[in-house]
Amino acid sequence: KWGKMCIRDRFLEFAISLVQECGQIILEASKERYSKINKIYEKGENPSDLVTETDKIVEELIKSKLNSKFPDHKFVGEETAAAAGKHHGLTDEPTWIVDPIDGTTNFIHWFPFVAVCIGLTINKEPVVGAVFNPFLNQLYTARKGNGAYLNLNTKLPLSSPNPPITLPSSLSQCLVVSEYGSNRSSTTLGKKFRSVHSLMSKPGDVTWGKKNAGLVRGIRSLGSAALDIIQVAKGEADIFWEIGCWEWDVTAALVILRESGGIMVNGNGPNEEPFNILGRKYLAVRGGSSCAGDETVEQSQLRLVREFWNIVEEIDCPR
Ligand code: IPD
Ligand code: CA
Ligand code: CA
Ligand code: CA
């Protein structure tokens, strides 16, 4: 057992060195806005789904360094999958799941929520996660069973000055982070927007007026699913919801979220199926050290999940 823990530590250390090295490359490249290194391509002829030279350079670097260090391990990366034109399953083998730049559109526009994400699964279970935002110089890391940290020394969730973080007792106290994604099919977006509408405004509240209130406090969108999840892990948002992103968007951040006490479940129906990391539908609720009433923290989290599921529409999301 001890040996296993040491190995996993070595994995995290290596992931940290890689995200930091790549963060520097991304920062350097961002200085040359719109120049050759940042040549922008439209993926799959969808002008909302962009990729730059830097995405590709960074993924190749991570892939080759992981391959020399751990030649037996598997690799899943966003740009590698795009180039192969197909998606993979997940085996029990150690598998690195990498998003070289989460928030490519942000990177292109200098909107400072951009992250390099490196996660590792063993037996299909996410065990190591490193997420680095080079623009804000924020490094988020976690190893299963060992807590989650900001810049290696501040434990998550943040709880300054001291009071325990109390879980919201109802959705009406929740700040939600969510994304529109790059799939602009009107059916999918229509369902997403109807869901957002239902969260933001109660049926029947049709006129301007003081009594109008949403079912949640607000919805934010950072343009990086990984950094949205990190907001929940930090305790600065309560719920994350996205339909249509991929395992490379969530795996690294998921380890950090879980180690901060948060949970992740499928984003919508069929609801009671076990969480599927390849399912492209994600709903997360933050952790807390206490909650209102007689419920345990876990019961509160699951109640918020069920309330959320009741509101959002079921959205089909094939691989
Ligand atoms: C995207 C971002 C975005 C989310 C999309 C992702 P990318 O990742 O995380 O916030 O809405 O679903 O594809 O393409 O910038 O790596
Ligand atoms: Ca992308
Ligand atoms: Ca991404
Ligand atoms: Ca990406």
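Considering helices alone, the calculated mean residue ellipticity of the chain at 222 nm is -11500 deg cm²/dmol, with DSSP H runs of length four and up weighted by -39500 (n - 2.57) and normalised per residue. Label-to-label distance, Leu136 versus Thr207, with points set 7 angstrom from Cα along the beta-carbon direction: 4.1 nm.
Taking 7 Å steps out from each Cα toward its Cβ at Asp9 and Ile311 produces label points 4.4 nm apart.
Rounded, prolate or oblate: pick one for segment 166-311, where a ≥ b ≥ c are the square roots of the eigenvalues of its C-alpha gyration tensor, a/c under 1.5 means rounded, and failing that, prolate if a/b is larger than b/c, else oblate. Oblate is the answer for segment 166-311, as a/c is 1.5 or above yet b/c matches or exceeds a/b. Size of segment 2-155 from its Cα atoms: along the principal axes, largest to smallest, the extents are 49, 36, 24 Å. A P(r) calculated from all alpha carbon pairs of segment 209-295, with 5 Å bins opening at zero, reads 3, 14, 24, 22, 18, 11, 6, 2, 1 percent. Toward the positive end of the charge dipole of the chain, with +1 on the Cβ of Lys and Arg and -1 on the Cβ of Asp and Glu, the farthest Cα among Gln301, Thr207, Pro47 is that of Thr207.
Quick one: dipole size for segment 62-121, taken about the Cα centre, charges +1 on Lys/Arg Cβ and -1 on Asp/Glu Cβ, in debye to the nearest 20.
Details: 5 positive and 7 negative charges, 34 e Å.
That gives a dipole near 160 debye.
Taking the Cα centre of segment 166-311 as origin and charging only Cβ (+1 Lys, Arg; -1 Asp, Glu), how large is the dipole, in debye to the nearest 20?
Working: 16 positive and 15 negative charges, 129 e Å.
Value, rounded to 20: 620 debye.
Here each label is just a point 7 Å from Cα along the line to Cβ, and for Leu278 and His88 those points are 1.1 nm apart. In the chain, a dipole from Cβ-located charges (positive for Lys and Arg, negative for Asp and Glu) runs towards its positive end, and of Leu167, Val116, Gln20 it is Leu167 whose Cα lies farthest in that direction.
Residues considered: Ala253, Ala225, Ala237. Largest GNM mean-square fluctuation over the chain, using C-alpha springs under 10 Å, is found at Ala237.
Using C-alpha pairs below 8 Å separated by at least 6 residues, the relative contact order for segment 166-311 is 29 percent.
Quick one: length gained pulling Glu42 to Ser68 fully straight, 0.36 nm per residue minus the C-alpha distance?
6.3 nm
The phi-based Karplus calculation (6.51 cos²θ - 1.76 cosθ + 1.60; θ = phi - 60°) puts the 3J(HN,Hα) values of segment 62-79 at 4, 4, 6, 5, 5, 5, 6, 6, 10, x, 7, 7, 8, 9, 10, x, 4, 6 Hz, whole numbers, x for Gly and Pro.
If r is the Cβ-Cβ distance from Asn123 to Glu60 and R0 is 22 Å, what FRET efficiency results, to the nearest 0.05? Could the numbers behind the result be given before it?
Working: r = 27 Å, r/R0 = 1.25.
Taking R0 as 22 Å, the efficiency between Asn123 and Glu60 is 0.20.
Taking the C-alpha atoms only, the angle from helix 247-259 to the longest principal axis of the chain is near 70 degrees. The chymotrypsin sites (Phe, Trp or Tyr not before Pro) of segment 203-292 that DSSP puts in a loop, and whose beta carbon has at most 15 other beta carbons within 10 Å, are Trp208, Phe275.
Each Cα pair under 8 Å and six or more residues apart adds its separation to the average, and for segment 31-145 the resulting relative contact order is 17 percent.
P(r) tail for the chain, what percent of Cα pairs lie past 29 Å?
Working: 18083 of 50721 pairs.
That fraction is 36 percent.
By the beta-carbon count within 10 Å of each Cβ, the least crowded to most crowded order of Arg258, Arg306, fewest first, is Arg306, Arg258.
In debye to the nearest 20, how big a dipole does the chain give about its Cα centre with +1 on each Lys and Arg Cβ and -1 on each Asp and Glu Cβ?
On the way: 36 positive and 38 negative charges, 78 e Å.
Computed charge dipole of the chain: roughly 380 debye.
The mean sequence distance of close C-alpha pairs (under 8 Å, at least 6 residues apart), as a share of the length of the chain, puts its relative contact order at 17 percent. For segment 67-164, a/c is not less than 1.5, where a ≥ b ≥ c are the root eigenvalues of the C-alpha gyration tensor, and a/b does not top b/c. That puts it in the oblate class.
Throughout, read-outs are computed from the coordinates displayed, never taken from laboratory work. These figures come from a predicted structure and were not determined experimentally. Here the Cβ is made from the backbone with ideal geometry for all residues, glycine too, and neighbour counts use every protein chain on show.
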